[in-house]
Amino acid sequence: YYYYGVPDFEAGQKLSSATGVAGTDSDPSYVELGDGWSSPTSEQMLELINKCDWQKSEENGVEGYKVFGRGDYYGNYIFIPLAGYYNTNDMLVSRSTSFMLWSGSISESSDRAYALSLNADGSCTVSRHNIASRLPIRPVRVK
């Protein structure tokens, strides 16, 4: 669980970058995994919603969703666990029923960034979320 743009688990801060953190020294995915890794952009998250098939599943005893590719990516999938998130009061929310994942894209407001969220009805959205929350990240490999 990370504050947005803070790879060392410190408290969230206002960001001066209007472009976001994907693939920079402020991106936990890049910092922890190195060259070739990044937090996904909000556009990549929208592709998961619009161009993939979602199936509730369990892997290694962890409940979550398998997100299957279509077309050239048919047969491939990623797993997104139901991991919840920490709200701005540092309370763990909905660990067994939802997820919210940071993107590497900041919104127009420097105290908000885009996140992929599982809604109560089972649908997903990409929306702005307060950077003072701690969310998991699902890193992507840069091509």
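Assorted remarks:
- Size of electric dipole in the chain: Cβ of Lys, Arg +1 and of Asp, Glu -1, about Cα centre, debye, nearest 20: 260 debye
- Note on the chain: Kirkwood radius taken over Cα pairs, Stokes-Einstein applied at 20 °C and 1.002 mPa s, translational D equal to 140 µm² s⁻¹.
- Over all Cα atoms in the range 29-104, the spread is summed up by Rg and Dmax: 13.9, 43 Å.
- For the range 70-137, the Rg and Dmax computed from alpha carbons only, in angstrom: 13.3, 43
- Helix 42-51 axis versus longest C-alpha principal axis of the chain: approximately 10°, rounded to the nearest ten.
- Sorting Asp90, Asp111 by solvent-accessible area of protein heavy atoms yields Asp90, Asp111, largest first, with a 1.4 Å probe.
- Calculated [θ] (222 nm, deg cm²/dmol) that DSSP helices of n ≥ 4 give over the chain, each run adding -39,500 (n - 2.57): -3000 deg cm²/dmol
- At the residue level, Ile49 shows approximately 40 square angstrom of accessible surface with a 1.4 angstrom probe and all protein chains present.
- Near Lys56, once Lys and Arg are set to +1 and Asp and Glu to -1 for all other residues with Cβ below 12 Å from its Cβ, the sum equals -3.
The values are calculated or read from the model by the stated rules, or taken from the named source; none is laboratory data. Note that the structure is predicted; figures quoted are calculated from it, not measured. FYI the Cβ positions are ideal-geometry reconstructions off the backbone, even for glycines, and counts take in every protein chain you see. To get the accessible areas, we keep the full protein, side chains included, count just its heavy atoms, and leave off ligands, DNA and RNA. Shrake-Rupley method; radii C 1.70, N 1.55, O 1.52, S 1.80 Å.
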